[in-house]
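To keep things clear, I will list the structure first and then write my remarks on it.
The values are calculated or read from the model by the stated rules, or taken from the named source; none is laboratory data. Please read these numbers as outputs of a predicted model, since none were measured by experiment. All Cβ positions, even for glycine, are placed from backbone atoms using ideal geometry, and neighbour counts span all protein chains on display.
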Amino acid sequence: MMRRAGAWLCAMLALACAGTAQARSAAETMDILMWNREPVGGAFELIDQTGKARSDRDFRGQLMLVYFGFTYCPDVCPTDLMAIGQALEQLGPDADALQPVFITLDPERDTAGHLAEYVPMFHPRLLGLTGSLEAIGAAAEAYKVYFAKVPIGKDAGDYTVDHTSFIYLMDRDGKYLGFFPPGTSAERMVEIIRPRLAVPSR
Ligand code: NI
């Protein structure tokens with residue numbers, strides 16, 4: 001009993017030390033999003049891949065496609081980012097009124113300089129955002145994104161990031177329209193986004 005309590009305490013302390021763990025579980029976070037239990041989206045204050053400060057207010061008047069992930073993600077993130085890039089290509093000039101945004105959940109490794117090498121691989125207009133652990137945590141909380149640092153080796157630097165991978169579509173006022181599940185095709189995104197782009201800003 002004591003040993004189990006001790007192990008539990010260590011686990012809790014490790015999570016606290018990691019600094020990126022959230023109070024809500026993955027299931028709870030997903031429920032909030034899937035059943036629209038709480039508002040999704042909101043203010044963020046982050047830094048783009050050129051080192052410039054960026055906030056959600058910079059994108060008023062444009063639709064926003066927001067995706068959270070990390071550059072060391074082996075498959076899910078690159079697949080979804082590739083689909084986002086393809087959707088932009090398919091939208092052609094209409095995509096000028098759509099800002100795709102990639103927000104890292106691994107700000108320790110994903111510096112602005114690192115994002116500058118990563119985001120252009122998917123689309124020249126893809127904006128990469130990073131920031132302090134606190135700023136990233138606040139953005140993830142606003143968008144109901146679950147993420148947790150998971151060690152995979154002996155070194156402190158050996159870790160992966162478990163995270164929910166929804167693609168959020170925001171309107172010209174920064175309000176939440178809905179999400180695409182991970183693995184959504186570019187064609188499906190275009191089908192939903194194109195009519196939204198036809199609605200002018202108020
Ligand atoms: Ni990922």
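When the test is whether a residue is among the charged types (D, E, K, R), farther than 27 Å from Leu177 by Cβ and at pLDDT 95 or above, Glu45 does not pass it.
All conditions but one from (1) modelled with pLDDT of 85 or more; (2) surrounded by 15 or more Cβ atoms within 10 Å (Cβ to Cβ) apply to Thr20; the one that does not is (1).
Quick one: is Lys149 modelled with pLDDT under 95 and under 28 Å from Gly51 (Cβ atoms)?
Yes; evaluated as a whole, the condition is true for this residue.
Restricting attention to the range 75-84, the residues that are more than 20 Å from Gln62 (Cα to Cα) and either more than 16 Å from the ligand (Cβ to nearest atom) or not charged (D, E, K, R) (or both) total 5. Between Ile152, Ile167, Ile193, Ile103, the distinction of being surrounded by fewer than 18 Cβ atoms within 10 Å (Cβ to Cβ) and in contact with a strand residue (DSSP E or B) (Cβ under 8 Å, 6 or more places away or on another chain) belongs to Ile152 only. Any residue that is in a helix (DSSP H, G or I), under 12 Å from Ile103 (Cα atoms) and in contact (Cβ under 8 Å) with a residue 40 or more places away in the chain - is there at least one of those in the range 42-49? No; the residues of the range 42-49 include none that is in a helix (DSSP H, G or I), under 12 Å from Ile103 (Cα atoms) and in contact (Cβ under 8 Å) with a residue 40 or more places away in the chain.
Per the listing Ala135, Ala112, the residue uniquely under 13 Å from the mean Cα position of the chain (by Cα) and surrounded by fewer than 20 Cβ atoms within 10 Å (Cβ to Cβ) is Ala135. The set of residues in the range 36-74 being closer than 17 Å to Gly131 by Cα, loosely packed, with under 15 Cβ neighbours inside 10 Å and within 16 Å of the ligand (Cβ to nearest atom) is empty. For the range 161-187, taking the residues that are of a type in the set (A, V, I, L, M) and touching a Leu at 6+ places or on another chain (Cβ under 8 Å), the one that is farthest from Val199 (Cα to Cα) is identified as Val161.
Being over 14 Å from the mean Cα position of the chain (by Cα) and over 27 Å from Ala135 (Cβ atoms) holds for only one residue in Glu117, Glu89, and it is Glu89.
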